[in-house]
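Read the figures in this text as sums done on the coordinates, not as results from a lab. Owing to the predicted nature of the structure, the values given are computational and were not obtained by experimental measurement. Backbone-built Cβ (ideal geometry, glycine too); neighbour counts: all protein chains shown.
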Amino acid sequence: MSVFIIRRLMQSVLVVWIMSLLVFVGVNIVGDPVDMLVNPEADQAEIERFIKDLGLDRPLHEQYWYFLLNALKGDLGNSFIFNQPALKLIVQRIPATFELAIVALLMAIIVGIPLGVYAGLKPDGKISKTIMATSILGFSLPTFWVGMMMIMVFAVMLGWSPSYGRGETASLFGIEFSFLTWNGLRHLFLPALNLSLFKMSLVIRLARAGTREVVHQDYIKFARAKGLSQNRIIFVHLMKNIMIPVVTVLGLEFGGLIAFSVVTETVFSWPGMGKLIIDALNNLDRPVVVAYLMIIVVIFVVINLVVDVLYSILDPRVRLQDLKG
Amino acid sequence: MSDVPTLAVENLETHFFTKAGVAKAVDGVSFSVGRGEIMGLVGESGSGKSVTGFSILGLVDPPGRVVGGKVLFNGEDLIGASEQRMQKLRGNKIAMIFQDPMMTLNPVLRIDTQMIETVLAHEKVSKETARQRSRDTLAQVGIPSPEERMRAYPHQFSGGMRQRVAIAIALLNKPDLIVADEPTTALDVTIQGQILYEAQKLCRETGTALIWITHDLAVVAGLADKISVMYAGRLAEQGTIDDVLDHPVHPYTIGLLGSVPGHNTRGQRLYQIPGMTPSLLSLPDGCAFKERCEFSDAACALRQEITEPVPGRAVRCCHPQIEAAR
Ligand SMILES: Nc1ncnc2c1ncn2[C@@H]1O[C@H](COP(=O)(O)OP(=O)(O)OP(=O)(O)O)[C@@H](O)[C@H]1O
Ligand SMILES: [Mg+2]
């Protein structure tokens with residue numbers, strides 16, 4: 001167990017380092033922030049001083065070296081726009097994004113698993129066919145469009161819920177969260193639902209496929225031969241087996257949820273990391289972009305590790321040593 | 001009371017409605033097993049032995065369906081019984097041991113969980129009592145240090161051990177009837193002997209009726225009181241174990257017994273029944289065995305009824321080899 005985790009951590013460091021290289025070089029190719037940042041009336045000397053201040057006059061490998069040295073000290077540079085540490089800017093926004101993503105994930109599980117299992121148990125029923133057809137919509141409709149429709153219908157026409165922002169927050173462990181207040185919850189509901197639709201469809205499909213496979217296994221028939229109740233068979237014998245692929249896939253998709261919250265956050269003006277990165281990209285605010293990408297990489301790496309550990313807990317046949325790193 | 005057999009199957013018909021046609025997996029099978037009695041159910045692969053077992057428990061899955069006949073359990077017809085009623089009986093009064101030991105235990109649940117739930121599904125006892133009973137039953141089927149092994153998962157057991165766990169689960173609630181589908185095929189000879197001994201003891205002591213499905217005539221010979229031979233979904237021959245094994249009457253049974261290696265056949269070429277098992281989708285009206293039978297003639301093309309050519313013997317053949325039985 002610990003050997004596995006140590007090996008995985010070392011591999012993770014390697015992954016993060018390679019990504020830092022790619023990100024740093026990539027961002028430098030995309031565009032020149034100087035045009036955006038410098039006052040158009042500034043003269044050549046002023047521009048050059050500006051470039052020198054930012055360290056943009058030095059060769060790329062040298063810039064990268066300084067970036068790396070500072071990064072190891074936890075300093076990913078200052079935002080060109082806000083003139084604040086980029087890392088701090090992003091970390092401030094993390095709770096909002098995580099809150100949104102976690103609530104979306106919970107929604108996907110709570111709605112998706114019962115629907116998927118039902119559709120798997122009665123594959124030919126009318127209700128099952130409706131569920132599956134709807135899940136195709138969830139897959140194929142673009143998130144931003146659905147988000148705008150939700151705002152139009154539920155916020156503008158029906159006036160049921162607010163259409164932007166986090167609403168009131170309350171503090172837990174010194175971090176502000178929306179789900180702790182009624183007003184915040186109302187703000188949270190629509191964007192979380194919007195973000196979860198795609199994953200919900202995914203969970204429905206996974207749960208259905210898993211159920212259809214598992215119900216035909218001999219051990220389910222044997223459970224029936226033991227005279228167990230329908231509930232015991234579904235909620236223990238079947239559920240425990242289908243949760244293995246569902247948890248694995250969803251765990252890996254959690255990173256995607258955070259990355260894709262960019263769209264939802266923009267549509268609902270949710271003040272999370274996604275909104276920040278869009279603004280940073282528009283302004284070619286390099287340090288913020290780099291810091292954001294690095295944090296996303298770290299999140300993905302951590303999620304992968306957590307999923308492997310979860311997987312080995314759920315499936316007794318798998319031990320961590322057996323998983324390839 | 002005592003004249004009602006534990007199980008009486010009458011004219012059971014279980015068909016599979018597949019795209020290619022209707023497969024008559026069980027086609028008019030009748031037999032009965034009384035208290036403490038052991039019946040061997042033999043026949044080659046695909047002859048409908050397992051489907052017969054599933055039909056008794058009401059566990060035939062679509063596209064299969066029991067289309068006719070009766071399954072009288074202590075006089076109560078289980079065909080058409082409510083699912084609720086069946087749930088009460090299964091695992092409690094009627095238990096089944098499945099054919100494939102590798103697939104019958106749930107891979108993500110511990111052995112103790114899978115045993116205790118079987119007790120608790122039918123009896124209001126404490127979890128501790130259920131656990132103790134599970135442990136004792138595991139010991140009974142020869143699992144060493146059961147207390148400790150109970151906490152393992154199925155994949156930590158060998159195939160033979162898993163089969164013994166499945167057997168233990170069937171024994172847990174001391175059922176009136178056990179349908180055992182080739183339960184000892186995966187076991188080595190000593191363990192097999194132990195299981196057979198335990199099964200026999202259980203039947204004698206508690207009056208459990210036992211249906212033992214197998215390919216292995218030697219096992220049946222030492223264990224069963226009577227035997228039913230199936231061929232292509234139909235009953236070929238039925239009688240007490242000694243009668244049938246010593247003096248088979250149906251040409252198929254004769255062939256089957258002839259193809260078992262024995263002490264005196266060493267060095268000789270084993271007898272082999274010529275031809276192949278017919279497809280269940282296109283069974284002839286007449287005898288299903290006629291293509292492979294040396295005695296067949298025009299009469300065999302007609303529908304065969306069950307007759308009693310010698311007392312106490314049921315045979316579905318118009319040319320019973322009675323001389324052989326004398
Ligand atoms: N799910 C199914 N769909 C279609 N046909 C089936 C199905 N299950 C069983 N059958 C038919 O029933 C027949 C009898 O099957 P069964 O499993 O009872 O044979 P068996 O005598 O137990 O053979 P074996 O000794 O190999 O276990 C098969 O030949 C097959 O044609
Ligand atoms: Mg079988």
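Peptide B:108-118 has a mean shielding of 4, counted as Cβ atoms of other protein chains within 10 Å of each residue's Cβ. By the beta-carbon count within 10 Å of each Cβ, the least crowded to most crowded order of B:LEU187, B:LEU283, fewest first, is B:LEU283, B:LEU187. Principal-axis analysis of the Cα atoms of chain B puts helix B:127-140 at an angle of about 50° to the longest axis. Seen against the Cα atoms of chain B and their longest principal axis, helix B:189-206 is set at about 80 degrees. Within chain B, antiparallel bridges make up roughly 60 percent of the DSSP beta bridges whose residues both belong there.
Is the protein assembly as shown rounded, prolate or oblate when judged by the Cα gyration tensor, a ≥ b ≥ c being the square roots of its eigenvalues, rounded requiring a/c under 1.5 and prolate requiring a/b larger than b/c? Prolate, since a/c reaches 1.5 and a/b exceeds b/c.
For chymotrypsin sites (Phe, Trp or Tyr not before Pro), the sites in region A:85-165 that DSSP calls loop and that have at most 15 other Cβ atoms within 10 Å are A:TRP160, A:TYR164. The ranking of A:LEU121, B:LEU41, A:LEU9 from fewest to most other beta carbons within 10 Å of each one's beta carbon is A:LEU9, A:LEU121, B:LEU41. All other residues whose Cβ lies under 13 angstrom from that of B:THR137 are scored, Lys and Arg at +1 and Asp and Glu at -1, for a net of +2.
Taking amide H as placed 1.01 Å from N in the peptide plane, the amide H of B:GLY40 sits under 5 Å from that of B:TRP212, B:ASP225, B:LYS226, B:ILE227, B:SER228, each at least 5 places away or on another chain.
Compute the longest continuous run of chain A that contains no exposed GluC sites (Glu not before Pro); treat a site as exposed when its DSSP state is not H, G, I, E or B and it has at most 16 other Cβ atoms within 10 Å. Of all site-free stretches, the longest is A:169-325.
Among beta bridges from DSSP that stay inside the protein assembly as shown, the antiparallel ones total about 65%. With contacts taken as Cα pairs under 8 Å and at least 6 residues apart, chain B reaches a relative contact order of 21 percent.
When you restrict to C-alpha pairs under 8 Å that are six or more residues apart and normalise by the size of region B:94-174, the relative contact order lands at 46 percent. Its residue count N fixes a reference of 2.2 N^0.38 Å for region B:94-174, and the Cα radius of gyration divided by that reference is 0.97. Exposure proxy shown here: for A:SER196, B:SER279, the number of other Cβ atoms within 10 Å sets the order, fewest to most, as B:SER279, A:SER196. Efficiency by 1/(1 + (r/R0)^6): what FRET value for A:GLN44 and A:VAL249, r their Cβ-Cβ distance, R0 = 56 Å, to the nearest 0.05? According to the calculation, E is roughly 0.50.
Per-residue shielding of A:238-244, expressed as the average number of other chain Cβ atoms within 10 Å of the residue Cβ, stands at 2. How would region A:33-160 be classified by its alpha-carbon gyration tensor: rounded, prolate or oblate, with rounded meaning a/c under 1.5 and the a/b versus b/c comparison settling the rest? Judged from the Cα gyration tensor, region A:33-160 comes out prolate (a/c at least 1.5, a/b above b/c). Comparing mean-square fluctuations of A:ILE204, A:ILE234, A:ILE277 from a GNM of chain A with C-alpha springs under 10 Å, the top value falls on A:ILE234.
Hey, what did region A:182-286 get for relative contact order, percent, Cα under 8 Å, at least 6 apart? Relative contact order, region A:182-286: 27 percent. Checking the cross-link pairs A:LYS221/B:LYS88; A:LYS122/A:LYS240; A:LYS122/B:LYS127; A:LYS122/B:LYS93; B:LYS24/B:LYS290; B:LYS19/B:LYS290 against a 23 Å limit on the alpha carbon distance flags A:LYS122/B:LYS127; A:LYS122/B:LYS93; B:LYS19/B:LYS290 as lying beyond it. Normalised by 2.2 N^0.38 Å, with N the number of residues, the alpha-carbon radius of gyration of chain A equals 1.20. Dividing the summed -39500 (n - 2.57) terms of all DSSP H runs of n ≥ 4 by the residue count of chain A sets its mean residue ellipticity at 222 nm at -24000 deg cm²/dmol.
Candidate membrane-span-like segments in chain A, meaning DSSP H helices with Cα atoms spread over at least 30 Å of their own axis and a Kyte-Doolittle mean of 0.0 or above, are A:2-30, A:86-121, A:182-215, A:239-267, A:286-314, with no membrane implied.
The angle between the Cα long axis of helix B:159-171 and the longest principal axis of the Cα atoms of chain B comes to about 80 degrees, rounded to the nearest 10. Sort region B:168-326 into rounded, prolate or oblate with this rule: let a ≥ b ≥ c be the square roots of the eigenvalues of the Cα gyration tensor; rounded if a/c is under 1.5, and if a/c is not under 1.5, prolate when a/b is larger than b/c, oblate otherwise. Judged from the Cα gyration tensor, region B:168-326 comes out prolate (a/c at least 1.5, a/b above b/c).
Comparing B:PRO251, B:PRO274, B:PRO309 in a Gaussian network model of chain B where C-alpha atoms under 10 Å apart are linked, the largest mean-square fluctuation is found at B:PRO274. Under Stokes-Einstein, with the Kirkwood radius over Cα pairs as Rh, the value for region A:162-235 at 10 °C and 1.306 mPa s is 100 µm²/s.
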